């Protein structure tokens, strides 16, 4: 009986401190509980993909009802019809590799390989089954472990996210506890020598504990009692209405939101129950969110979340 009372007392203390942790963070308020335009626990639609797309790693819109997908190990792009849930077309552009993301601009697709190499594939509406790409060897390398790719309309460039080392191979600059996003200028076809955006992992950690699964995890994270998983970008996209940059991380099952000034606004958990392995992200013109997941031995999928800024 006394043991039971002791356990209950300990739990009460934990819950008390957890509640305190919700409302203070080094003297500053936390965004826990702040309204978010997407219910990430309840997808509004789920598209199951064929076996050949089990390792879908990126997606981008070609038309309002057609997505272009890229698969991790296959040098091909696939057109996926959202209305019929079928692959309507595919084009081979390279041999096997480690292809991480895709972005479309009109009738052109850009595909990112994990070593920083960019493939520019023109006329993707062509009837040809094999398309010859232009290849750009950027200063990025396997050490940078590039994964995320998205179009920056304001600067007419492609943003490239790095899971690995933040600095370029021959650069003297060192960015400790940072994740880098570089800019590839589509006019000059040159990569920026310094990051366009630097993500502070410590800042992400401070935001992410408020997105933890339960109160005890929040408490432990607040007092640094549990190891944190490094935030490694796996996909990113600009919101068409707010112009915020959304960045997902498969390794830490987390999505962060950065505003146009580069300020970290919020962090949101991508629960493993819903997201098997989130790798790709894109928005349609109405602001609806689509996240692709690798299958982890099963089928890959695409999850759709309706945009509701009032929820």
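The values are calculated or read from the model by the stated rules, or taken from the named source; none is laboratory data. Since the model is a prediction, treat every value here as computed from it, not as a measurement. Neighbour counts are summed over all protein chains in view; Cβ atoms, including those assigned to glycine, are modelled from backbone coordinates with ideal geometry.
Within region 137-147, the presence of at least one residue that is under 20 Å from the mean Cα position of the chain (by Cα) and part of a strand (DSSP E or B) is confirmed. Number of residues in region 124-134 that are exposed (fewer than 14 other Cβ atoms within 10 Å of the Cβ) and either at pLDDT 95 or above or under 21 Å from the mean Cα position of the chain (by Cα) (or both) equals 2.
Answer yes or no as to whether residue 248 is crowded, with 22+ Cβ neighbours inside 10 Å and in the same structural domain as residue 46 (by TED's automatic domain parsing). Taking the combined requirement at face value, the residue satisfies it. Of the residues making up region 117-127, just one is free of Cβ contacts under 8 Å to residues at least 60 places away in the same chain, part of a loop (DSSP other than H, G, I, E, B) and in contact with a strand residue (DSSP E or B) (Cβ under 6 Å, 6 or more places away or on another chain), namely 122. Only a single item in (1) more than 17 Å from residue 119 (Cα to Cα); (2) surrounded by 18 or more Cβ atoms within 10 Å (Cβ to Cβ); (3) touching a strand residue (DSSP E or B) at 6+ places or on another chain (Cβ under 7 Å) is not met by residue 68, and it is number (1). With the requirement that a residue be more than 20 Å from the chain's Cα centre (by Cα) and closer than 26 Å to residue 141 by Cα, what does region 98-110 give you? Passing the criteria: only 108. Each residue in region 165-191 was checked for being buried (at least 18 other Cβ atoms within 10 Å of the Cβ) and in contact (Cβ under 8 Å) with a residue 24 or more places away in the chain, and 9 of them qualify.
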